[in-house]
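Asker: The structure that follows is given in the form of structure tokens.
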Amino acid sequence: FGIAITAFYPFYAMLIASTHDSYAIVTQLNLLPGDHFVENYERLTENINIWRGFLNSLVLASCSVAIKLYFSAMGAYAFSKFQFKGRNVLFSVIMVMMMMPGQLGIIGFYQEISKMRLLDSYIPLLIPAAADCFCIFFFHEMNVVGTYQFDSMLARELYQPIVHYLLQRICFVVGSRY
């Protein structure tokens, strides 16, 4: 219970601070809501279109998760069902890339996006979603993607709803991570 309070206190403090004036925020510890919420909200919406920001975030997050799930499921299916030369080496590369911090590639990624003249678009925010090593690994280890290949019609009718249910849950787990 103490960990939950510690985790949610910053959000609570942010909401409470949004109801106080600037002087009260910097001079005292505010634990109860104040009476300046409407005034602060009007000042915020004068300078920033906050609802456009929420819409942008929702659209980008939805597209990113959809792209991530689609390409990760395809990659995991290829690793689960196909035997090809270099399969183990490629899967080892995915495992190594999972262990490396994502910050290592930021400068190179920025330079590539700059050369492609994509700096003022949403595409650079969506490109990294197509290659998520953890999602490929997760789908591969769950081995649910490959179970869609059935030998008989009876097996398909019996097991397809179960596999579909499991795949929905896995997609929810992987999607809610972002």
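Asker: Between helix 106-115 and the chain, what is the angle of the helix's C-alpha long axis to the longest principal axis, kept within 0 to 90° and rounded to the nearest 10?
Answerer: Value to nearest ten degrees: 80.
Asker: If each residue of separation counts as 0.36 nm, what is the full-extension length gain between ILE107 and LEU126 once their alpha-carbon separation is subtracted?
Answerer: Roughly 5.2 nm would be gained on extension.
Asker: Follow-up. Where does the chain land at 222 nm, in deg cm²/dmol rounded to the nearest 500, when only DSSP H runs of n ≥ 4 count, each adding -39500 (n - 2.57), divided by all residues?
Answerer: Using -39500 (n - 2.57) per qualifying helix, the result is -23000 deg cm²/dmol.
Asker: So for the range 1-105, averaging the separation of alpha carbon pairs under 8 Å that are six or more residues apart and normalising by length, what relative contact order in percent results?
Answerer: Numbers: 31 pairs, mean separation 15.2, N = 105.
Computed value for the range 1-105: 15 percent relative contact order.
Asker: Shifting gears a bit: Relative contact order, percent, of the chain when contacts are C-alpha pairs under 8 Å separated by at least 6 residues?
Answerer: Value for the chain: 24 percent.
Asker: Please list, by residue number, every one of the trypsin sites (Lys or Arg not before Pro) in the range 56-100 that is coil in DSSP and has at most 12 other beta-carbon atoms within 10 Å.
Answerer: Hits after loop and neighbour filter: LYS85.
Asker: Right, next: In terms of the Cα gyration tensor, with a ≥ b ≥ c the square roots of its eigenvalues, is the range 1-100 rounded because a/c is under 1.5, prolate because a/b exceeds b/c, or oblate?
Answerer: Values: a/c = 4.51, a/b = 2.43, b/c = 1.86.
Note, shape of the range 1-100 comes out prolate.
Asker: Apply the Karplus parameterisation 6.51 cos²θ - 1.76 cosθ + 1.60, with θ equal to phi minus 60°, to every residue of the range 122-139 and state each ³J(HN,Hα) to the nearest whole Hz, in sequence, with x for glycine and proline.
Answerer: Using θ = phi - 60°, the values come out as 8, 4, x, 7, 9, 4, x, 5, 6, 10, 9, 4, 4, 5, 4, 4, 5, 4 Hz.
Asker: In whole percent, how big is the carbon plus sulfur part of the accessible area of the chain, probe 1.4 Å, protein atoms only?
Answerer: On the way: 9150 of 13360 Å².
In the chain, the share of accessible area belonging to carbon and sulfur is 68 percent.
Asker: For the chain, what is the accessible area per residue in Å² when the probe is 1.4 Å?
Answerer: Details: 13360 Å² over 178 residues.
Ligands and nucleic acids excluded, the result is 75 Å² per residue.
Asker: May I pose another question? What order do ASP132, ASP120, ASP35 take when sorted by accessible area (1.4 Å probe), most exposed first? Please list the in-between numbers first.
Answerer: Values: ASP132 20, ASP120 160, ASP35 135 Å².
Largest accessible area first, the list is ASP120, ASP35, ASP132.
Asker: Could you please put MET74, MET14 in sequence from largest to smallest accessible area, using a 1.4 Å probe?
Answerer: The residues order as MET14, MET74, largest area first.
Asker: Just read off the accessible area of SER121 with the full protein assembly in place, 1.4 Å probe, to the nearest 10 Å².
Answerer: Surface accessible to solvent at SER121 totals approximately 40 Å².
Asker: So, one more: With a 1.4 Å probe and all protein chains kept in place, how much accessible area does THR27 have, in Å² rounded to the nearest 10?
Answerer: Roughly 70 Å² of THR27 is accessible to a 1.4 Å probe.
Asker: Modelled label-to-label distance, LEU44 and PHE11, 7 Å Cα→beta-carbon offset: nm?
Answerer: 1.5
Asker: Considering the chain as a Gaussian network with a 10 Å cut-off on Cα pairs, which listed residue, PHE79, PHE54, PHE37, attains the greatest mean-square fluctuation?
Answerer: PHE37
The values are calculated or read from the model by the stated rules, or taken from the named source; none is laboratory data. Predicted, not measured: the structure shown is a model, and the values here were computed from it. With ideal geometry, Cβ positions are generated from the backbone for all residues, glycine too; neighbour counts draw on all protein chains shown. Please note that ligands, DNA and RNA were not included when accessible areas were found on the heavy atoms of the full protein model with its side chains. Shrake-Rupley method; radii C 1.70, N 1.55, O 1.52, S 1.80 Å.
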